[in-house]
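Heads up, the thing below is written out as C-alpha cells.
The values are calculated or read from the model by the stated rules, or taken from the named source; none is laboratory data. Not measured: the values here are computed from a predicted model. No Cβ is skipped: glycine too gets one built from the backbone with ideal geometry, and neighbour counts run over all protein chains shown. Note: accessible area is taken over every heavy atom of the protein model, side chains too, but ligands, DNA and RNA are not part of it. Shrake-Rupley method; radii C 1.70, N 1.55, O 1.52, S 1.80 Å.
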There are 2 protein chains.
Amino acid sequence: MRLALAQINTVVGDLDGNRERILRRVDEAREAGADVVLFPELAVTGYPPEDLLLRPGFIRAAARSLSQIAEAARDIVLFVGAPHFDGALYNVCAVCADGEVKAIHRKRLLPNYGVFDEQRYFAPGHDVVLYPVGELLTGLTVCEDMWQPGPAADLAGAGAELIVNLSASPFHVGKDREREEMFAARARDNGCFVALCNAVGGQDELIFDGHSVVLDRKGEVLARAPGFEEALLLVDLDRGGPVAPLVDDLEQMRLALELGLRDYVEKNGFSEVVIGVSGGIDSALTAALAVEALGPERVHCVSMPSRYSSEGTRADARRLAEDLGTPFLELPIDEVVDGYLEALAEPFAGREPDLTEENLQARSRGVLLMALSNKFGWLVVATGNKSELSVGYATLYGDMAGGFALLKDVFKTDVFRLSKYVNERAGRELIPQTIIDRAPSAELREDQLDEDSLPPYPELDRVLEAYVELDRSREELAADGFEPELVERAVAMIDRAEYKRRQAPPGVKLRPKAFGRDRRTPITNKWSG
Amino acid sequence: MRLALAQINTVVGDLDGNRERILRRVDEAREAGADVVLFPELAVTGYPPEDLLLRPGFIRAAARSLSQIAEAARDIVLFVGAPHFDGALYNVCAVCADGEVKAIHRKRLLPNYGVFDEQRYFAPGHDVVLYPVGELLTGLTVCEDMWQPGPAADLAGAGAELIVNLSASPFHVGKDREREEMFAARARDNGCFVALCNAVGGQDELIFDGHSVVLDRKGEVLARAPGFEEALLLVDLDRGGPVAPLVDDLEQMRLALELGLRDYVEKNGFSEVVIGVSGGIDSALTAALAVEALGPERVHCVSMPSRYSSEGTRADARRLAEDLGTPFLELPIDEVVDGYLEALAEPFAGREPDLTEENLQARSRGVLLMALSNKFGWLVVATGNKSELSVGYATLYGDMAGGFALLKDVFKTDVFRLSKYVNERAGRELIPQTIIDRAPSAELREDQLDEDSLPPYPELDRVLEAYVELDRSREELAADGFEPELVERAVAMIDRAEYKRRQAPPGVKLRPKAFGRDRRTPITNKWSG
C-alpha cells in the first residue's frame, strides 16, 4: 500500500486555484503509483477562511468544488479537507473514490483558543468514521482530533490499523517537534500507523510549516516531508519513505519569516517591497530576509536620514543595500520635518521639544514610504520588533506604518541572534558587523540610546515573555525573581501600548502567543496585574 | 417585594472601582427599601474582559472582590455577575445574602458568534438554579440564557415565579425593542415575572444601552430604566415602577455615539479631543456630537486647508467651530506637502500626479493632528464613515489616523440624516446648512467629487448593507435587483480594502454587523463572491 501526502500551499478563498493545486497532485500521485492521497485540512477553501464560512454562497461554491475534485478520484482514493453543510456546518475529511464522495468524517474537537475560532463556524461531529483502503481499515481525523487521546482511541477500538489526519496546524518555533511527539504517542498508544498531512504556507499572520509525517505502530518515523515548502511525500507502509531532517530554532525562524513574507506579498498580488533602512539592526535584518525571500531586485531599500542620524548609520544603510544588491534611495527628511515645525509654530509656541518632535521624524518617514508605495505599487514592510511593540517604543503611523510587519513576533534579543545567524549562513557580512555591534538607538534626538528609555533588552525580553506570553501576574513575576521595579515599569508600558498594537500591520506569528488574534486584550482596561 | 435593578457603567479590569460602584448602589437600594438588587453580567470585572480572563491572577482577584461584595449583603439579597472558577471557569450569577455567596448559577448558553468569544473563556453550566427571595421562588439566568427558550422553561418547570437575568447585551440600533420583545415572550410563555438588569456604557467598540426592564406574567412592562445612562430602577412587583420611554432610531444613534465617545475618552484617561474639520459633513457631525458628549471647551477643531480647499469649505470649518463654541486652529498644509514633493522629486521624476499626491495631503493632516495629540495630550477623533471605510475611500495614516473613529459604523446616508436631526433638535444650525447641502468631496484635487470615484451614496449604502452586513453573494445581489455593474464595483472595492480596515482605530458599533471583531475577514483572500 502506497500513501501520498500532498503537503500543498493553498490560498484562502481561491476555490478554483486550490482545486487545480489538488488535481495536479492527484495526477502526480497516481503516476507515482499511490493508492491514496491525503490533503490538508480545509484544502478546498484554504485555512482559515474565517467569516467567509458565514457566507452561504461560499459554502455552496466549496461544495461544488469538492464534487469536481471527487470526479477525479478514479483508481485512487482521496482524503480531502473541506467545509460540509448538512443542517449545520462541519469541518470534514471527505473520502473521494470512484468519482464521488464516499464518506465524510466530521471534525470532533473544534479548537476555540489561541488563534482559533472554530466554534464560531462549525458544529462538532460525534461519529467514529472508518474507511477501508485496500486491506487496511483506515480511521479518519482532522487536526485537533489528534491533540486529545479520545478520537484516536475510539478509532483503534473500532479496528483502525491506520489513522489519517488532515491538518492546518499553525506554526510556532518548536511546534514541529511538539506535533510529531503528540502524534507518535497516539500511534504508540493505539498500535496504529499514523499519517499526518499538514498544510504549508503563509496566511496573513499564520504560518503552516508542513512537516507532514508517517509513523509506524511504535511511533517511529517512517517518512517525513520537509518544512516550509510544498511536497508530495510518497510512503510504502512496509518500506517507509524519505525522511527530511528537522532543523534548529534559528533556521525555523528564518524559514518561517521568509515564507510568511513571500506568501503575503505574492498572495496579495504585490511584486516588490520597500523597506526603510536606518542603519539599525531591525531594518537590516528585515531587508536581508526580504532579499532571501524575494530576490534583491524586488526589494527597495530607502534611507531617510535626519540631522540626528550619525555618519555611521547613514553609511551603514547604504552599505547594507550594496551588500544585499538591492536598489537604494536616500531621502533626507529634515526639510519635511522643519515644514511641520513651521506649520505648528504658533500652537507650539513656548513649549519645550518632547516626544512630539521625535514622532514627527518617524511619521515623516512613514509618509515617504507610503508615497513610494502609492506611486510604484511597492508593499511597505515595517521593521519593528516584538520588544518595541510590546512596550510601545514605536511610533504609530511612523515606523509602525506598512502593509506587513515582518519582525512583529521576534524579540530584540532574537533579532541579534538571527542577524548573526544570517551572516554565518551566508559566509559573509550580509548585515554589516558594525550594525550588529552598535548600541540600539532610534536616532530621534542627540545621543539617544534605547537603554535611556527601556530596560536592557535581555532583561526586558524575559519579562515580556513571562507577562505577555505566559500571563504571569505582577505578584508571580516578583516570586519568579524579577526585580519589582523592572516589572512595574514594563507592565505599565505594555498595558498602555495596546491601542498602538490594535492599529499595527499583520506580521508572522513565530511564538506560542503572538499579538493579534492570539492575545485579545481590551484597550479600555484598568487592570494592571 | 421590592426589586432594585442597578444599571451601572463598569470599567473593564477596574475591580476596585467596580466594587465601589456596586456597593454604592447596594446602600442606595437598601435605603430605598429594596429586598433585592440585581447587577449586570460580569459587573465585578466589567464586560467583556476578553483575555484578562485567561490570567489566573485576575480570576483570583475577581473572586476576592466578589467575597468583599458578599460581605455587604446584609438585610438585602444581591444578584451579581462575576467570573467563577471551580475546575473550569464559569460566567455566573452569584447570589449574595447574609454576608456570603449563597448560590451560583453558571451561564448555560455561551455566545460565540458576532462580537462574542465566550466559548474561548468559559465552560457552560448545566444546572437549573433557583433561590427563594421572600415568598418568591426566583430562577437565575445570565444574558444569552434567555435568548433561547430552554433555560426559562426549565426554571418555570422547576417552579420559578420570577426569572432574573443579568445581561451585558451589546447594542445596535433597535436592539432595545428586540431584546424587550424576546424577554416578554419568555415571561408570557412561562407565566413568570421577568427582571432584566442590563449594563450601560461604552467599552472600546461596544455600547451597552441599559433599558433594564421588569415584565409581568403576561409580558407587559412593569418598569423600564432609561437608555444610555446609569439608573437604579425600583419596582414593586404588585405595583410596577417608573417606565422610561423608548426612543427612535436617530435619537438612539445620537445617544450611543455620544456615550461611546465619552466613555472611550474618560475611561482611557483623556480629557480633551482634537478633530480635523474640513468643512465637510463627516467632520462637522463628529465635532457636533463630540461637543454634546464632552462640552465645547474639551473639543479642539483644526482646519487644515490646502490649495484645493474651496473658500466655502474653509469658511464653513471656521463657522462650525464658532457655532459649536470650540477652540479653533487653522494650519495650512501646502508647504508641508510641497516639502514631501521636493523630497520625492527625484524618484517621482517623469511620473504623472495620481492618488499618491492626494494621499500626501491626507497624511500631512494626519501627522499634524497626531503632533497636536502628542504635544497637548488630546485624543485624535477620526471622522470617516462606514461607507468610506467599506470601499476603502479613505487614506491609511491620513484621515483614518486617530485613537477613535466615531462614525466608523455610520453609513454616509445616515450621516446626512443624523446631521439634520442634530440641527432640528438644537433648534439652530449647529452644523451649517451649507455643509449639509454641499456635494461630498475629499478636496484632494481640482473639482473633485466623491461621486467621481464612488456610486451615489444612497445606492452604495444599500449594496454595503446587503454585502457587508447580510453576507449576500454577488449572485444573490443580482437576484435582489441590484445593478450587476454596481455590485461588481462595490464588492471589488470592499474586499480590497480589508487591509486598511485592519489598521483602523476602534469606533462605536451601531449596526447588527460592524467591522472589527464582528466581521472577521482574511486580508489574504481570493474569494470575491
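Restricted to segment A:462-509, and to residues there that are more than 12 Å from every other protein chain (Cβ to nearest Cβ) and among the β-branched types (Val, Ile, Thr), the residue that is nearest to residue B:52 (Cα to Cα) is A:494. Only residues that are touching a His at 6+ places or on another chain (Cβ under 9 Å) and either part of a strand (DSSP E or B) or open to solvent by less than 30 Å² (accessible area, probe 1.4 Å) (or both) were counted in segment B:210-239, giving 4.
Of all residues in segment A:395-422, those satisfying the criterion of being of a type in the set (Phe, Trp, Tyr) and either within 14 Å of chain B (Cβ to nearest Cβ) or assigned to a helix (DSSP H, G or I) (or both) are A:397, A:404, A:416, A:421.
Considering only residues of segment A:339-368 that are within 12 Å of residue B:340 (Cβ to Cβ) and within 10 Å of chain B (Cβ to nearest Cβ), which is farthest from the chain's Cα centre (by Cα)? Give the derivation first.
Restricting attention to segment A:339-368, the residues satisfying the condition of being within 12 Å of residue B:340 (Cβ to Cβ) are A:339-340, A:363-368.
If we keep only those that are within 10 Å of chain B (Cβ to nearest Cβ) too, we end up with A:339-340, A:363-364, A:366-368.
Values: A:339: 40, A:340: 38, A:363: 27, A:364: 29, A:366: 24, A:367: 27, A:368: 28 Å.
The extreme case among them is A:339.
Screening residue A:46 with (1) in contact with an Asp or Glu (Cβ under 7 Å, 6 or more places away or on another chain); (2) surrounded by 24 or more Cβ atoms within 10 Å (Cβ to Cβ); (3) more than 10 Å from chain B (Cβ to nearest Cβ) gives one miss only, at (3). Of the conditions (1) assigned to a loop (DSSP other than H, G, I, E, B); (2) buried (at least 20 other Cβ atoms within 10 Å of the Cβ), residue A:245 clears all except one; give me its number. Residue A:245 satisfies every listed condition except (2). For segment B:249-270, filtered to residues that are over 13 Å from the mean Cα position of the chain (by Cα) and more than 14 Å from chain A (Cβ to nearest Cβ), the residue that is nearest to residue B:14 (Cα to Cα) is B:251. Going through segment A:371-391 one residue at a time, which ones are within 11 Å of chain B (Cβ to nearest Cβ) and charged (D, E, K, R)? The one that is within 11 Å of chain B (Cβ to nearest Cβ) and charged (D, E, K, R): A:375. In the set A:329, A:289, A:237, only one residue is of a type outside the set (Val, Ile, Thr) and under 22 Å from residue A:514 (Cβ atoms); that residue is A:289.
Residue-wise test of (1) modelled with pLDDT of 95 or more; (2) of a type in the set (Phe, Trp, Tyr); (3) outside any helix (DSSP H, G or I).
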position	(1), (2), (3)
B:485	no, no, no
B:488	no, no, no
B:500	yes, no, no
B:504	yes, no, yes
B:507	yes, no, yes
B:525	yes, no, yes
B:529	no, no, yes
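Quick check on residue A:176: is it closer than 30 Å to residue B:499 by Cβ and either assigned to a strand (DSSP E or B) or acidic (Asp, Glu) (or both)? Here the answer is yes, as residue A:176 does meet what is asked.
Within the bounds of segment B:423-446, is there any residue that is surrounded by 16 or more Cβ atoms within 10 Å (Cβ to Cβ), farther than 18 Å from residue B:388 by Cα, under 22 Å from the mean Cα position of the chain (by Cα) and hydrophobic (A, V, I, L, M, F, W, C)? The answer is no, given that none of the residues of segment B:423-446 is surrounded by 16 or more Cβ atoms within 10 Å (Cβ to Cβ), farther than 18 Å from residue B:388 by Cα, under 22 Å from the mean Cα position of the chain (by Cα) and hydrophobic (A, V, I, L, M, F, W, C).
Please go through segment A:55-105 and pick out each residue that is outside any helix (DSSP H, G or I) and free of Cβ contacts under 8 Å to residues at least 24 places away in the same chain. Spell out how you get there, then give the answer.
We begin by selecting, within segment A:55-105, every residue outside any helix (DSSP H, G or I); these are A:55, A:72-105.
Passing the criteria: A:55, A:84, A:86, A:87.
When B:124, B:132 are screened for being over 22 Å from the mean Cα position of the chain (by Cα) and without any contact (Cβ under 8 Å) to a residue 12 or more places away in the chain, only B:132 passes. The set of residues in segment A:294-336 that are closer than 16 Å to residue A:378 by Cβ, within 14 Å of another protein chain (Cβ to nearest Cβ) and aliphatic (A, V, I, L, M) comprises A:302, A:304, A:329, A:331. Every condition in (1) closer than 22 Å to residue A:524 by Cα; (2) surrounded by 22 or more Cβ atoms within 10 Å (Cβ to Cβ) holds for residue B:58 except the one numbered (2). Note on segment A:510-529: among residues that are within 11 Å of another protein chain (Cβ to nearest Cβ) and basic (Lys, Arg), the one that is nearest to residue B:61 (Cα to Cα) is A:526.
For segment B:439-446, check the following and say yes or no: at least one residue is polar (S, T, N, Q) and assigned to a helix (DSSP H, G or I). Looking through segment B:439-446, none of the residues is polar (S, T, N, Q) and assigned to a helix (DSSP H, G or I). State yes or no: is residue B:176 more than 23 Å from residue B:22 (Cα to Cα) and out of contact with any Ser or Thr (no Cβ under 9 Å at 6 or more places or on another chain)? Yes.
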